[in-house]
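A short reminder: the numbers here are calculations on the coordinates, not readings from a lab. Note that the structure is predicted; figures quoted are calculated from it, not measured. Backbone-built Cβ (ideal geometry, glycine too); neighbour counts: all protein chains shown.
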Amino acid sequence: MTGTDDPTLALVDAHLTTFAAHAADTLGAGTACSITLRLDGHGRLSASSDDRSAACDTVELETGTGPCIEALGTSELVMVDDTGADRRWPAWAAAARDRGFGSSGAFPAHPRSASRVSINVYREAPGPWSRDDLVRADAYAQEIGRVVDLCLDLRDLDAQRR
């Protein structure tokens, strides 16, 4: 997604792009997903299911604020029930509204590595999410954390081999 020359990041991006697309399809019509990864202190957009969600997360990374950035920092779920009413992150909320998203959830993964990863799940409809939808989105986040750990383990094994 980001055109990196780092083979580990390219592997992470490839796997997470598949996860983002599958999560968006599974979580329902009008849903899009993007994944932000913080590795070695640097945040980056790693994957997205579409250009709309990627654009929203890019605004977060450019401004250093938004639900996914907050979820990365706190390791806690951050919900936005209505992008039209939320005032915490004006630039991000405007980007989300402009791209047709009415609500969003930033679900942090809990990898065992020092990396941080969070999936932003965007929905076209505003309003609170059901418990089942929250559980399903969080399950994707935790799977994503395991994928990142596996890729970093492979990087470490490759380094030891050299």
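Numbers at a glance
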{"item": "Distance (nanometres) between label positions extended 7 Å along Cα→Cβ at L61 and D153", "result": "2.6 nm"}
{"item": "Fluctuation leader among H15, H42, H110 - the chain, Gaussian network, Cα springs under 10 angstrom", "result": "H42"}
{"item": "The range 31-152 - charge dipole about Cα centre, Lys and Arg +1 at Cβ, Asp and Glu -1, debye rounded to 20", "result": "160 debye"}
{"item": "Of V148, A32, T63, farthest towards positive along the dipole that unit charges on Lys, Arg, Asp, Glu beta carbons give the chain", "result": "V148"}
{"item": "For the range 1-72, alpha-carbon Rg and Dmax in angstrom", "result": "11.9, 35"}
{"item": "Per-pair calculated FRET efficiency, R0 = 45 Å: R162 and D82 via Cβ, rounded to 0.05", "result": "0.30"}
{"item": "Principal axis box of the range 84-162, alpha-carbon based, largest edge first, Å", "result": "52, 29, 18"}
{"item": "Cα-based convex hull, the range 37-119, per residue volume (Å³, whole number)", "result": "81 Å³"}
{"item": "Debye equation applied to the C-alpha atoms of the chain, log10 I(q)/I(0) at 0.11, 0.15, 0.21 Å⁻¹", "result": "-0.39, -0.71, -1.38"}
{"item": "Full-extension gain in nm, A125 to H42, via 0.36 nm per residue minus C-alpha separation", "result": "26.7 nm"}
